[in-house]
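Quick notes on the structure that follows.
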Amino acid sequence: MNSEFIEALNAIEKDRKISKDVLIDAFESALIAAYKRNSGSSGNVRAVVDRETGEVQIFASKTVVDEVENPHVEIALEKARAINHLYEVGDVLEEEISPKSFGRIAAQTAKQVVVQRIREAERGVIFDEFVEKENEVLTAIVQRAEKNGVYVELGRTDGLLAANETIPGEEYNTSDRIKVYVLEVRKTNKGPQVLVSRTHPGLVKRLFELEVPEIQTGVVQIKSIAREAGFRTKVAVHSNDSQVDAVGACVGQKGIRVERIVSELHNEKIDIIEWDSDSAVYIAKALSPARVLMVYINEEEKAAKVIVPDNQLSLAIGKEGQNVRLAAKLTGWKIDIKSQSQAEQEVELYDREDTGAEPENGEE
């Protein structure tokens, strides 16, 4: 061991941000284990590596005896008194030991321990780094697509985009750059595992935060997001400044801001609506692009009955109920939609039942 070893550790500390002391402590422990294996000793041994020169010293604790039976753990009284004349039988002293084969053992152990500890320390550093990035958006490079998902490169480590976290219909080709949302970072025997998503509503939120300065400064707030990845997303926004149009800020001049986000999300449709403290108004806006005539609120059941023009019914409901389903998720209200003619028929039927009138022209 010499100064070259210390220089190597200094370089590792600087380049990989792993403490030199951590490596030396592990190395000292490994030297003790190596010495014990080599000598067959089970006594108390300690190793010291000089932080400046790299010089190694091994010390063994030995009991002072009249007659030595095990030289690894015992020392003769005569020899002990040569060190210090005050030693008596039964005392314990530390003796520096320098086994002949120690240089070879040290070299082998140094290589194994340093490599292993660097690997472990790097895993710890990477884990700590990515734990802080949970719920954030990162740029990933696609490595390969498999049945269980898509493996991506995230810089210092890799991530897994599970099959159920991919956008339906989106293709992932090697070297493609995509934005991903960090769901969770787990510790495994092979190092940290970073789980990412392309379907999480948080991805949309973070993309808006990146694209819209007014959201970054807090002037505009994202109040709620409802998403069916790959198809449609509804985003409710609110401005804390009467001079700033929340929807306009998110859309951007000529729609450039929202277009960037739509492009990143495989052309997913995005409805940006203005949040309102009035539940009825909020629900009506959430059903955009459909036009709403009336909203009846049932506060106890947190349910709303919405009346729309006849020609707006299919638009309000959406394909396979998607529009009303997203509006319900966005607002947190149960929504029942009726066309104007359906509502009028219900009112007419209710009036007849209330007055006891018979239906006309054979109507039932």
### Query
Based on Cβ point charges of +1 for Lys and Arg and -1 for Asp and Glu, what charge dipole magnitude is obtained for the chain about its Cα centre, in debye rounded to the nearest 20?
1560 debye
### Summary
For region 118-259, the dipole about the Cα centre with charges only on Cβ (Lys and Arg +1, Asp and Glu -1), to the nearest 20 debye, works out at 280 debye
#### Entry: Of I75, I215, I256, the one that fluctuates the most in a GNM where the chain has Cα springs shorter than 10 Å
I75
## Note on the structure
Projecting the Cα atoms of G218, I32, N298 onto the charge dipole of the chain, where Lys and Arg contribute +1 and Asp and Glu -1 at Cβ, the residue farthest towards the positive end is I32
### Query
For region 245-332, what is one quarter of the convex hull surface built on the Cα atoms, given in nm²?
6.6 nm²
### Equivalent-ellipsoid semi-axes of the chain, from the Cα gyration tensor, Å, largest first
75, 23, 18
## Note on the structure
When K62, K133 are arranged by how many other beta-carbons sit within 10 Å of their Cβ, fewest first, they go K133, K62
### Query
Just going by the charge dipole of the chain, with Lys and Arg at +1 and Asp and Glu at -1 on Cβ, which of S339, I12, G159 is farthest out on the positive end?
I12
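Which of the pairs K133/K205; K147/K329; K305/K329; K254/K329; K133/K179 have their Cα atoms more than 21 Å apart in this structure?
On the way: K133/K205 15 Å; K147/K329 31 Å; K305/K329 15 Å; K254/K329 29 Å; K133/K179 13 Å.
The pairs that break the limit, which is 21 Å between Cα atoms, are K147/K329; K254/K329.
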## Note on the structure
Low-density loop GluC sites (Glu not before Pro), region 267-352, at most 16 other Cβ within 10 Å, DSSP non-H/G/I/E/B, are E299, E300, E301
### Cα centre as origin, Lys/Arg/Asp/Glu Cβ charges: region 277-357 dipole, Debye
600 debye
### Query
Once both labels are modelled 7 Å past Cα along the beta-carbon direction, what's the S19-A163 spacing in nm?
4.4 nm
### Query
Direction-averaged shadow area of the convex hull around the Cα atoms of region 133-197, nm²?
4.2 nm²
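Would you please calculate the Kirkwood hydrodynamic radius of region 3-130 over all C-alpha pairs and express it in Å, rounded to one decimal? Could you put the intermediate results ahead of the total?
Values: mean 1/r = 0.0610 Å⁻¹.
About 16.4 Å for region 3-130.
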### Task
Would you grab the residues whose amide H sits under 5 Å from the one on D91? Only those 5+ places off in sequence or on another chain, please, with H modelled 1.01 Å from N.
V64
### Task
Pick out, in residue order, every one of the trypsin sites (Lys or Arg not before Pro) in region 180-266 that is DSSP loop and has at most 14 other C-beta atoms within 10 Å; say none if there are none.
K190
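Computed from the coordinates by the stated procedures, all read-outs in this text should not be read as laboratory data. Source: prediction; values computed, not measured. Please note: Cβ atoms are built from the backbone with ideal geometry, for glycine as well, and neighbour counts cover all protein chains shown.
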